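Bear in mind these aren't lab numbers, they're just calculated from the coordinates by the rules spelled out. Given the structure is predicted, the values throughout are model-derived calculations rather than measurements. Here Cβ is always computed from backbone atoms with ideal geometry, including for glycine, and neighbour counts include all displayed protein chains.
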Amino acid sequence: MFPPRSVSSDDELLAGSQTTRTSAYDGTFEKSLVYVLIAAIAVTLGLQFLFVFRTDMNWDEFYYLSQVYEYKAGNLSRSFQTFHVHLFGWLTSLDALEPTQILLGRLVTYLLHCFNLYFIFAISRKYTHTIPALAAVACYCAFSFVMDHSASFRSDPFATFTLMAALYIAICFQWRMAWFLLAGVLIGVAGLITIKSIFLALMIGAVMLVESIRSDQRGRSLIAIAVAVAGALATFGALYLWHKSLLAPGTSVNGGAMLKQSFQKTILDSEFFPRSFSFLRAVLENIVIVMAVAFGLALALRNTFAGPAGERKKWLALVLFASPLLTLLFYRNAFPYYYAFMLAPVAVLASVSVSFVLSSAFDRDRFGRIITILLVFFSVQVAQNVWRNWDRTPATQIATIETIHKMFDEPVGYLDRNSMIASFPKHGFFMSSWGFENYHAKGVPVMGDIIRNEQPKFLIANTTALDLEGKRSAFDSSSNSSLLPQDIEALKSNYVHHWGNIYVAGKQLLFPGGEPVIKLDLLIEGTYTLEANGPVTIDGVLLRPGNQIFLNRGEHIVRSTDQTNEAVLRWGKHLYMPDYPAPTTPIFFGF
């Protein structure tokens with residue numbers, strides 16, 4: 001084996017089906033490999049840390065923050081997948097805007113990501129050795145989707161941490177009752193964070209059972225597993241009831257109904273291999289890592305069925321580490337961010353393939369060339385990912401949010417895709433691909449009623465569906481992300497462009513030739529400022545350009561003068577507008 005050392009049944013080197021081969025290389029070569037791998041991990045982590053600050057924020061991250069504000073305001077209605085509101089209430093008390101709050105949340109998830117790397121290392125080392133374990137960490141850390149999303153401010157990093165910690169306990173602290181109780185608690189918390197935790201939880205349970213069968217402490221191991229299961233169920237049930245009791249009275253959404261709807265939508269109604277394009281992109285961007293994992297899985301499968309009889313259960317446990325890959329075949333929401341969650345246990349298989357290569361009878365020069373070639377591919381992959389993300393800055397997001405906070409001293413209602421101004425009350429549905437599918441399935445216009453009843457004062461065109469002029473850049477992952485014609489007309493007739501991606505409540509007044517009088521149907525009441533090249537009268541009140549008037553909802557008569565052929569009524573009293581051009585980069589870049 002490489003390098004030579006004594007092993008136990010719980011700490012074995014996996015190299016094909018062989019367990020006794022010695023290395024042809026000396027300690028200097030081994031140390032060099034360790035340093036190279038640590039350097040690769042450090043560089044990748046450094047780049048991830050850079051992109052915590054530099055990369056644009058995804059719509060999910062704003063939505064995740066908005067739920068914290070909803071809870072603080074007593075308006076949160078979802079009891080499932082909102083447990084994080086208890087962990088991040090402190091963000092709302094900071095004197096900082098939404099981008100800074102999300103950045104602080106990202107720093108927390110980045111720290112958890114570092115812990116996840118340790119868990120991968122420790123689990124891999126339990127089956128292989130230091131060098132293959134470091135290689136597994138490097139593979140996971142440098143995977144493009146992991147680099148992009150492992151430190152994002154959404155539920156996945158928190159669930160990954162709790163579940164990988166539970167898996168680490170199951171492998172490295174076998175049959176210690178207190179530790180297995182902690183593992184169960186962690187699994188229960190993961191279920192509250194996101195429903196998709198069930199995918200890894202089932203894998204962890206299966207690994208526990210296989211390890212129990214392997215163990216010479218069969219009775220103790222089964223009791224430890226029972227303790228973990230009981231801890232998971234008790235934690236989930238108790239914390240769920242506690243969390244639900246803190247929601248606004250009479251507004252809590254039925255948890256069972258939500259679970260049924262989520263299962264129906266994300267699994268039963270999903271087509272086969274629903275995110276195959278994301279998978280193809282993952283393979284093309286990470287070909288070396290994919291090959292390492294695939295070869296490790298092939299070795300594990302071969303030895304599960306054809307290896308020495310006494311070792312087959314050990315290999316079966318490793319095969320189970322790949323089981324999360326099966327979810328790609330049916331899980332609707334297997335978007336790129338899902339890979340950072342799903343691949344954490346799968347990465348252990350890379351250590352198997354590296355261990356096999358290290359234990360094979362290569363001469364030193366040939367092995368050195370292979371390592372060099374792999375490092376070149378590895379470096380090119382990381383550099384390509386950095387290059388792809390370099391221009392994905394949050395400049396447009398920050399400029400938009402800062403402008404809105406300068407426009408409005410106090411929170412006002414608004415429309416957008418994803419609750420981008422988390423500290424303001426957002427109206428309308430969450431315009432994700434799922435949200436649009438539900439919207440089109442109903443086929444009922446909603447914007448007119450929302451405008452009339454909720455009085456949203458501005459609109460952010462952070463999705464093409466809300467880009468009323470078709471001039472701004474906004475990314476949409478949904479192929480059907482458009483509003484019904486009635487809703488588009490309702491928005492166009494009640495909002496005017498302000499700056500960048502921002503529209504405000506207002507009316508564009510056009511006076512056709514020979515028709516100096518028009519009827520104005522106003523849905524959003526408030527003080528309006530007149531913008532025109534001459535005076536007009538509204539309900540008999542003479543207004544000159546720059547004058548303000550308070551208008552109630554309903555019909556108003558507007559009369560122009562000879563020199564006025566068009567005008568704009570803009571909500572507010574000379575709302576702030578930056579004196580510099582708006583950024584031209586997209587407000588969202590997608591996944």
#### Entry: Rel. contact order, % - alpha carbon contacts under 8 angstrom, at least six apart, region 394-591
23 percent
### Query
How far is helix 27-54 tilted, in degrees, relative to the longest principal axis of the Cα atoms in the chain, given as a value from 0 to 90 rounded to the nearest 10?
10 degrees
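If I stretch the segment between L510 and D449 completely, what's the gain in nm (0.36 nm per residue apart, minus their alpha carbon distance), one decimal? The partial results should precede the final answer.
On the way: separation 61, 0.36 × 61 = 21.96 nm, distance 2.48 nm.
Length difference between fully extended and current span is 19.5 nm.
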### Query
At what distance in nm do the modelled label points of F550 and K72 sit from each other, each positioned 7 Å from its Cα along Cα→Cβ?
3.0 nm
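Could you give the dipole magnitude of the chain about its Cα centre, charging the beta-carbon of Lys and Arg +1 and that of Asp and Glu -1, in debye to the nearest 20? The partial results should precede the final answer.
Details: 46 positive and 43 negative charges, 367 e Å.
Computed about the Cα centre, the dipole is about 1760 debye.
Explain nothing, just the number: relative contact order of the chain, from Cα pairs under 8 Å at least 6 residues apart, as a whole percent.
Here the relative contact order equals 15 percent.
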### Message
Quick check: net charge around T304, other residues with Cβ under 14 Å of its Cβ, Lys/Arg +1 and Asp/Glu -1?
### Response
+4
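Within 10 Å of each residue's Cβ, count the other Cβ atoms and sort Y439, Y331 from fewest upward. Don't skip to the end; give the middle numbers.
Values: Y439 23, Y331 20.
Ascending number of Cβ neighbours within 10 Å: Y331, Y439.
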### Query
Just going by the charge dipole of the chain, with Lys and Arg at +1 and Asp and Glu at -1 on Cβ, which of T396, A165, N286 is farthest out on the positive end?
A165
### Task
Sticking with the crude label model, points 7 Å out along Cα→Cβ, report the distance from A298 to V386 in nm, one decimal please.
3.2 nm
### Query
Mind checking the angle between helix 59-72 and the chain's longest principal axis? C-alpha axes, 0 to 90 degrees, to the nearest 10.
70 degrees
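Anything over 22 Å Cα to Cα? Flag those among K31/K313; K196/K244; K426/K492; K442/K507; K442/K519; K507/K573, in the order listed. Don't jump to the answer; show the numbers that get you there.
On the way: K31/K313 32 Å; K196/K244 19 Å; K426/K492 19 Å; K442/K507 29 Å; K442/K519 33 Å; K507/K573 15 Å.
From the list (K31/K313; K196/K244; K426/K492; K442/K507; K442/K519; K507/K573), the Cα-Cα distance tops 22 Å for K31/K313; K442/K507; K442/K519.
Could you please report the charge total around N547, scoring K, R as +1 and D, E as -1 over all other residues with beta-carbon less than 14 angstrom from its beta-carbon?
Working: positive: R544, R570, K573; negative: E531, D539.
After counting each charged neighbour, the total is +1.
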### Task
Grab the Cα-Cα distance for M291 and S493, subtract it from 0.36 nm times how many residues apart they are, and report the gain in nm with one decimal.
67.2 nm
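Could you compute the FRET efficiency for R369 and L103, with r as their C-beta to C-beta distance and R0 at 41 Å, rounded to 0.05?
0.40
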### Task
Please label the shape of region 141-210 as rounded, prolate or oblate, based on the square roots a ≥ b ≥ c of the eigenvalues of the alpha-carbon gyration tensor (a/c under 1.5 means rounded; beyond that, a/b larger than b/c means prolate, else oblate).
prolate
### Query
Along the charge dipole of the chain, Cβ charges K/R +1 and D/E -1, which of Y338, F51, G448 sits furthest on the positive end?
Y338
### Message
I need the semi-axes of the equivalent ellipsoid of region 394-591: take the C-alpha gyration tensor, multiply each eigenvalue by 5, square-root it, list largest first in whole angstrom.
### Response
30, 19, 15
### Query
Residue-wise, which Karplus ³J(HN,Hα) couplings in Hz belong to region 165-175, taking 6.51 cos²θ - 1.76 cosθ + 1.60, θ = phi - 60°, and x for glycine or proline?
5, 5, 5, 4, 5, 4, 8, 9, 10, 4, 6
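Return the FRET efficiency for the residue pair H405, A206: r is the Cβ-Cβ distance, R0 is 56 Å, and the value is rounded to the nearest 0.05. Could you put the intermediate results ahead of the total?
Details: r = 50 Å, r/R0 = 0.89.
That gives a FRET efficiency of 0.65.
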### Task
Rounding to the nearest 20 debye, state how big the charge dipole of region 269-409 is about its Cα centre with +1 on each Lys and Arg Cβ and -1 on each Asp and Glu Cβ.
460 debye
### Query
Got a sec? Charge dipole of region 394-591, +1 on Cβ for Lys and Arg, -1 for Asp and Glu; which of L466, G413, Y439 is way out at the positive end?
G413
### Task
Place a +1 charge on the Cβ of each Lys and Arg in region 394-591 and a -1 charge on the Cβ of each Asp and Glu, then give the dipole magnitude about the Cα centre in debye, rounded to the nearest 20.
120 debye
#### Entry: With Cα atoms, 0 to 90° folded angle of helix 98-127 axis to the chain main axis
10 degrees
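Determine, from the Cβ-Cβ distance of N438 and K313 and an R0 of 60 Å, the FRET efficiency 1/(1 + (r/R0)^6), rounded to the nearest 0.05.
FRET efficiency, N438 to K313: 0.85.
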### Message
Between S482 and V283, what is the label-point separation in nm under the 7 Å Cα-to-beta-carbon projection?
### Response
3.3 nm
### Query
If you compute percent of Cα pairs over 39 Å apart for the structure shown, which of [x] 29; [y] 39; [z] 49 do you land on?
[y]
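In deg cm²/dmol, rounded to 500, what helix-only [θ] at 222 nm does the chain give when every DSSP H run of at least 4 residues adds -39500 (n - 2.57) and the total is split over its residues?
Numbers: 20 runs with 308 residues, N = 591.
The helix-only estimate for the chain comes to -17000 deg cm²/dmol at 222 nm.
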#### Entry: DSSP loop GluC sites (Glu not before Pro) with at most 16 other Cβ within 10 Å excluded, longest remaining stretch of the chain
1-270
